[in-house]
Amino acid sequence: MRRYKKMLGILLTVAMSVSMLSACGGTTKSSDADTAAKTEAQAETKAAETKAAETKEAVTESAKETASEAVTEAEKKADASGKSFKVGYVNKTLNNPYFVALDAALKEEVESRGWSYASLDASEDISKEMENMETFVSQNYDCIIMNCVDSEACLPAIANATAAGIPVINVDNACDTSADNITTVCSDNLRNGRAVGLYVGEQFGKDPIVSVLLSGVKGAVVSQERRTGLMCGIIEQRTGCTEDEAWAAAKTMEQELMDKGKAENADADFKINGQGWGNWTADEGLPAMEDLLVANKDINLVLGENDNMLLGAMTAIENAGLTDKIKLAAAADGQKEAIKLIADNTGYIATGDNNPKTVAAMAMQVADDVLLNGKTADDYEDITRTPPLCYTIENAKDYYDENAAF
């Protein structure tokens, strides 16, 4: 405001100077010098007026109040369309590198458009997740991206946001198909799991597979999809059945695992003798693996629903002196530490892709279409999937990037 007042003072001074020049012109004979001076004064006046307008606009812009402290200077920018939006991310947790990398990738995508970004962490607490959703609704955010804690518990919060006119785009963990959201953008968990399973089945040849499974969290669709995909691939490769037959057999095996805590497909000579819950983290994957090793001493394979848990499991296996006897394979995420282990031809033999940058980019493309082009949930499938990819020793070196965030 002080700059604005100073500029107005300059304008008044210039205006007075022009007035005086005009008055002098009424009593004195005009000359080329007078004309030049008058023209110069008019030019200075116009320049000052332009500068003042620019200054006033800048002052007005800087004085705008934001809806919350989370709204940054990025809100004052605009994309090529001339519009700017507030995007809020309701993150289920930041307890492992994937979720940290996904948060960072979404922030980069949003702010590259000149839009504002805020992220709230639920720390895997459903009530906190609902509170975070309500925060963005009450602050009139234009779009909410959500990685839900539980696929069904999130439904009321999504419905509330949609009723307020705020589109919700889920990422990573799919919500129930009854959700009133736009879509869920995630890796192709089923296909990635199947690709890894096919490779694992091939690596064991005719030897029996006696395994245990490290799962993420109970009730998560992503968990169920990843392990079912692994089962499908192994059964399909080892029995020679069709893909459709393998999916049917995998669903039967999945149900048996849920009912009994173990499962078997005799035709594939494939057993899962125990299931542990590692909460997606290396820290919890380690003790879960230790417990599984106590109860299952003759296993030759550890399957995991993500890399981070298996990285913890590797420590337990090393501590037990079983490194040369047990192979490991994950349905996801393509974490760089896992890709390096695969490239180095260790006991870690395969993992599926779940690149946070790809997920973030696709989610924000959906946001573009909804916010700028008027698309709705009717324009999307329930799930929008990234292309499937399996990392093995044959291709891991081509994909490994030591400088990658994840």
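The values are calculated or read from the model by the stated rules, or taken from the named source; none is laboratory data. Here the structure is a predicted model, which means the values were calculated and not measured. Every residue, glycine as well, gets a Cβ built from its backbone with ideal geometry; the counts of neighbours run over all protein chains shown. Ligands, DNA and RNA are excluded from the accessible area calculation, which covers all protein heavy atoms including side chains. Shrake-Rupley method; radii C 1.70, N 1.55, O 1.52, S 1.80 Å.
Of note:
- Pair list, Cβ < 7 Å and 6+ apart or interchain, from segment 234-260 residues that are of a type in the set (Ser, Thr, Tyr) to residues that are open to solvent by less than 70 Å² (accessible area, probe 1.4 Å): Thr239/Ala268
- Restricting the search to strands (runs of 3 or more DSSP E) fully inside segment 306-406 and requiring at least 2 residues that are modelled with pLDDT of 95 or more and small (Gly, Ala, Ser) gives 327-333, 348-353.
- Subset of segment 198-217 [open to solvent by 10 Å² or more (accessible area, probe 1.4 Å) and of a type outside the set (Ser, Thr, Tyr)]: Leu198, Glu202, Gln203, Phe204, Gly205, Lys206, Asp207, Pro208, Val210, Val217
- Pair list, Cβ < 7 Å and 6+ apart or interchain, from segment 366-384 residues that are polar (S, T, N, Q) to residues that are part of a helix (DSSP H, G or I) and open to solvent by 30 Å² or more (accessible area, probe 1.4 Å): Thr384/Met362
- Taking the conditions (1) touching a strand residue (DSSP E or B) at 6+ places or on another chain (Cβ under 9 Å); (2) farther than 14 Å from Cys390 by Cα; (3) open to solvent by less than 10 Å² (accessible area, probe 1.4 Å) in turn, Met314 satisfies each one other than (3).
- Residues in segment 281-307 that are within 16 Å of Gly193 (Cβ to Cβ) and in contact with an Asp or Glu (Cβ under 8 Å, 6 or more places away or on another chain): Asn306, Asp307.
- Filtering segment 147-165 to residues that are surrounded by 19 or more Cβ atoms within 10 Å (Cβ to Cβ) and touching an Asp or Glu at 6+ places or on another chain (Cβ under 8 Å) leaves Asn147, Cys148, Val149, Ser151, Cys154, Ala157, Ile158.
- In segment 228-242, the qualifying residues are those that are over 29 Å from the mean Cα position of the chain (by Cα) and among the polar types (S, T, N, Q), and the one that is surrounded by the fewest Cβ atoms within 10 Å (Cβ to Cβ) is Thr242.
- Every test in (1) of a type in the set (A, V, I, L, M, F, W, C); (2) touching a Lys or Arg at 6+ places or on another chain (Cβ under 7 Å); (3) crowded, with 21+ Cβ neighbours inside 10 Å is passed by Ala343 save one, and that test is (3).
- Looking only at residues of segment 367-397 that are touching a helix residue (DSSP H, G or I) at 6+ places or on another chain (Cβ under 9 Å) and among the aliphatic types (A, V, I, L, M), we find that the one that is surrounded by the most Cβ atoms within 10 Å (Cβ to Cβ) is Ala367.
- Single residue of Ser119, Ser138 found to be open to solvent by 10 Å² or more (accessible area, probe 1.4 Å), under 15 Å from Leu102 (Cα atoms), out of contact with any Leu (no Cβ under 7 Å at 6 or more places or on another chain) and in the same structural domain as Asn95 (by the TED database): Ser119
- Just one of the listed residues (Ala174, Ala220, Ala195, Ala179) is out of contact with any strand residue (DSSP E or B) (no Cβ under 9 Å at 6 or more places or on another chain), on the phi < 0 side of the Ramachandran plot, of a type in the set (A, V, I, L, M, F, W, C) and surrounded by 21 or more Cβ atoms within 10 Å (Cβ to Cβ), and it is Ala220.
- Condition check for Lys297: at pLDDT 95 or above, assigned to a loop (DSSP other than H, G, I, E, B) and surrounded by fewer than 17 Cβ atoms within 10 Å (Cβ to Cβ): no
- Considering residues of segment 278-316 that are out of contact with any Lys or Arg (no Cβ under 9 Å at 6 or more places or on another chain) and among the polar types (S, T, N, Q) only, the residue farthest from Ser187 (Cα to Cα): Asn296
- The condition (being charged (D, E, K, R) and either part of a strand (DSSP E or B) or at pLDDT below 95 (or both)) is satisfied by just one residue among Glu134, Glu124, Glu129: Glu124.
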